[in-house]
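First up is the structure itself, then whatever we jot down about it.
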Amino acid sequence: MATIAIENVRKTYPGGIEVIKGLDLSIAAGELVVLVGPSGCGKSTLLRMIAGLESITAGEIAIGGRVVNNLEPAERDIAMVFQNYALYPHMSVRGNLEYGLKNRGTPRAEIDARVKEAARILEIEPFLDRKPRQLSGGQRQRVAMGRAIVRKPQAFLFDEPLSNLDAKLRGHMRVEIRRLQRTLGTTLVYVTHDQLEAMTLADKLVVMNGGAIEQQGSPLELYGDPQTLFVAGFMGSPGMNLIDVAQLRAAGATLPDAVPAGTGVIGIRPEDVFLEAGRVDGPAITLPARIEAVEMVGAESLAYAAVGGLSQSVVLRIPGAWTGHADTAADLHLPLTRLHCFSKETGRKVPLSAPALAA
Amino acid sequence: MLQTGRPRMQTKRTIFPNKVLPYALLAPQIAITVVFFLWPAGQAVVSSFLREDPFGLASTFVWFENYTRLFEDPAYVDSLRVTAAFAIAVTFCSMTFALLLAVAVNRLIRLGGVYTTLLVWPYAVAPVVAGVLWWFLFNPTIGILPYLLSFMGVHWNHRINGNHAMIMLVVAASWKQISYNFLFFVAGLQSIPRSLIEAAAIDGAGPMKRFWTIIFPLLSPTTFFLLIINVNYAMFDTFSIVDATTGGGPAGATNILVFKVFADGILGLNIGSSAAQSVILMMIVIALTFVQFRYVERRVQY
């Protein structure tokens, strides 16, 4: 268990391409931090820099208070789980688990005890003498995690470990990883592009974009109070409705005074848009719209509403199966308290003024 | 043949209703195999049981006498020994150097392609040219290598020193084969996922340990394939190198089996003995290939 401190870290590839642009991040001991972002945002590069598989162009990374910039991966006392698992195909499962311990000269009895323990925790005892190619995807994934936990490292680094599994197994393994991390109490840095995985796993969620951190905090903080347009659109499925104020004005809608000056885009979560005026308490914006399509997801329905003058349709999340007809006119009610206002120029949040809300 | 019980939708096989056409299409290949392989091989087997009179006018059937004589002949037993030494040395040298070069090139990020192209060139050199090239380099009178060696106190003369002759032959034969092995090793190395090496690095294995515990075992299918190819190369394709450099000498020190077949049959005109030797050679190849594919390949599976 160790802290990880990343200070003003940069990564520039030959040719001047800067993939990490001066990034600061501090990870507490025993914390499960998820780095999430679209592909190419630098999240994997950052993880690989922590692991020591990529050099650090500038800045400092410290694990457990020890600066590791010039240490070999082996000397950093971390363990990594790769997306393709990277199991040694010519060794048995047992061989895979033992390899790291053998290289460090661990006594035989200790190796056996640790392998046994890891195999018990991950329920891979029956496969210990099989080769990786004789295992299913989920079993390989477990072995990959086993190889990490036998070492008892200061920190685990997981690089999209579940993206090669089918949806059901992924959900199952997600719960297992969470449980395992809680039991072992080891610091875990987890990289994913799947925001659902990120939401459900993280103690601390770090949204990255273009080599920098957009926002960090608890998953609910990021979901409930996104500080930038990018985070607002990235978190949640479907993402937040982002409505261009200029288009809204051009269509003849008037915005209440509560919307602060300088707001270029207003955002609202699909579950915060209502069809019935009665369900809204407090002031709201009302937009005439036409329901164009409805997706029944089961427990809820997603309705796509076209608002005159807006280039994108507004998505509504309605609990249960929606009984109305598609292609009908309806009024959308957007409660002011649920509104997020963003500046179009900076992409950052413009705070709602409290007195205006009260009015 | 039309209905094989399998759903026809799934097979991409084209079926000719004509009974003659398939044989007609196969005929050219069959003709080539028969004329250039089966027939000469058969001739060799037949000749190996015959003895010709000194004028080549008549021949008598002598059963296995050509074979028994061979194994009583110290020159032949010596040739067997020389061939084994030569094949082992060439295979070892060419594969070791090729692997070293491949590992070095595989570490390069940008110039790898250039080095690969340059390193492949020797393979395009005809064996006889390779032989002559090294013959010049090692020439005791005008060669640059004996000149350099003289500073180290080595008096190089492959014309009178059997070991020198053997070394020159091994160098020439290996040099040519390194390119071929190199290509296969580079391809083999590139097919090893990077993440495996990275995982091993995190698992605390240094570069040498990574090579011997991860890379080398994963290369083993390539290595064993090359082993078969190289042993066969050293035993058969090196004829012209021997012919162009040592001619089997001095005193039979480089008289490998394939050259002895030629020397006894074409130069010495002892067709019966030469044929028996080539039949033995053929058996050796068949046995080697069989053993290697059958037993060694099976253990390579992981």
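The values are calculated or read from the model by the stated rules, or taken from the named source; none is laboratory data. Note that the coordinates shown come from a computational prediction; the quantities given were computed from them, not determined experimentally. Heads up, the Cβs are rebuilt from the backbone with ideal geometry, glycines too, and the neighbour counts pull from every protein chain shown. Ligands, DNA and RNA are stripped out before the accessible areas are found, and what is left, the full protein with its side chains, is counted by its heavy atoms. Shrake-Rupley method; radii C 1.70, N 1.55, O 1.52, S 1.80 Å.
Per-residue surface analysis assigns A:TYR13 an accessible area of about 80 Å², computed on protein heavy atoms at 1.4 Å probe radius. With a/c under 1.5 counting as rounded, go ahead and sort the stretch B:157-201 into rounded, prolate or oblate using the C-alpha gyration tensor (a ≥ b ≥ c being the square roots of the eigenvalues; past the cut-off, prolate if a/b is larger than b/c, else oblate). Prolate, because a/c is 1.5 or more and a/b exceeds b/c.
The contact residues of the stretch B:206-247, meaning those that lose at least 40 Å² of 1.4 Å-probe accessible area when all protein chains sit together rather than their chain alone, are B:ILE214.
Across peptide A:147-156, the average count of Cβ atoms from other chains found within 10 Å of a residue's Cβ is 1. When the stretch A:245-359 is described by a simple charge dipole with +1 on each Lys and Arg Cβ and -1 on each Asp and Glu Cβ, the residue from A:GLY267, A:PRO283, A:ALA299 located farthest towards its positive end is A:GLY267.
Classification of the stretch B:77-299 by its C-alpha gyration tensor yields an oblate form. The axis ratio a/c (a ≥ b ≥ c) is 1.5 or more, and b/c is at least a/b. Taking every DSSP helix (H) stretch of at least 4 residues in chain A, weighting each as -39,500 (n - 2.57) and dividing the sum by the residue count yields a mean residue ellipticity at 222 nm of -7500 deg cm²/dmol. Contact residues in the stretch A:45-82 (at least 10 Å² less accessible area with all protein chains than alone, 1.4 Å probe): A:ARG48, A:LEU53, A:PRO73, A:ALA74, A:ILE78, A:MET80, A:PHE82. Backbone geometry of the stretch A:155-161 corresponds, through the Karplus equation with coefficients 6.51, -1.76 and 1.60 at θ = phi - 60°, to 3J(HN,Hα) couplings of 8, 9, 10, 10, 10, 6, x Hz, x marking Gly and Pro. Per residue, the solvent-accessible area of the protein assembly as shown (1.4 Å probe, heavy atoms of protein chains only, all protein chains present) comes to 51 Å². For the stretch B:86-222, the Cβ-based charge dipole about the Cα centre amounts to some 100 debye (Lys, Arg positive; Asp, Glu negative; other atoms uncharged). Here the stretch A:81-147 is described by how far its Cα atoms reach on the three principal axes: 31, 21, 18 Å, from widest to narrowest.
Under 10 Å, Cα contacts only: if you run a Gaussian network model on chain A, which one of A:SER136, A:SER343, A:SER163 comes out with the highest mean-square fluctuation? Looking only at A:SER136, A:SER343, A:SER163, the largest GNM fluctuation is found for A:SER136. Averaged over peptide A:96-104, the number of partner chain Cβ atoms lying within 10 Å of each residue's Cβ comes to 4. For the stretch A:4-224, take N as its residue count and report Rg(C-alpha) divided by 2.2 N^0.38 Å. So the Cα radius of gyration is 1.01 times the expected 2.2 N^0.38 Å. Less than 5 angstrom separates the built amide H of A:CYS341 from those of A:GLY267, A:VAL350, all sequence-distant by 5 or more or on a different chain.
Compute the separation of the alpha-carbon centres of the stretch A:76-138 and the stretch A:1-47 and state it in Å as a whole number. Using only Cα atoms to place each centre, the spacing works out to 28 Å.
Comparing mean-square fluctuations of B:GLY248, B:GLY204, B:GLY143 from a GNM of chain B with C-alpha springs under 10 Å, the top value falls on B:GLY204. Ranked by the mean number of other Cβ atoms within 10 Å of their residues, highest first, the peptides B:154-161, A:182-189 come out as A:182-189, B:154-161. Just the number, please: carbon plus sulfur as a percent of the accessible area of chain B, 1.4 Å probe, no ligands or DNA/RNA counted. Using a 1.4 Å probe with all protein chains present, chain B comes out at 70 percent carbon and sulfur.
For the chain pair B and A, buried accessible area totals roughly 1700 Å², probe 1.4 Å, rounded to the nearest 100. Counting, for every residue in A:85-95, the Cβ atoms of other protein chains within 10 Å of its Cβ and taking the mean gives 4. Per the Debye formula on identical point scatterers at the alpha carbon atoms of the protein assembly as shown, with no solvent, log10 I(q)/I(0) at q = 0.07, 0.09 Å⁻¹ is -0.74, -0.96. Between B:ASN161 and B:LEU26, what is the FRET efficiency for a Förster distance of 51 Å, r being their Cβ-Cβ separation, to the nearest 0.05? For B:ASN161 and B:LEU26, the calculated efficiency is 0.45. Within the stretch B:19-73, the proportion of C-alpha pairs whose separation exceeds 14 Å stands at 69%. Near A:ALA155, the amide H atoms lying under 5 Å from its own belong to A:ALA79; only residues 5 or more places off or on other chains count, and H is placed 1.01 Å from N.
Note on the stretch A:4-224: with neighbouring protein chains present and a 1.4 Å probe, carbon and sulfur make up 49 percent of its accessible heavy-atom surface. Among the protein heavy atoms, those of A:LEU25 account for about 10 Å² of accessible surface (1.4 Å probe, every chain in place). First check a/c for the stretch A:206-359, with a ≥ b ≥ c the square roots of the eigenvalues of its C-alpha gyration tensor; if it is under 1.5, answer rounded, and if not, answer prolate when a/b is larger than b/c or oblate otherwise. It is oblate, given that a/c is not under 1.5 and a/b is not larger than b/c.
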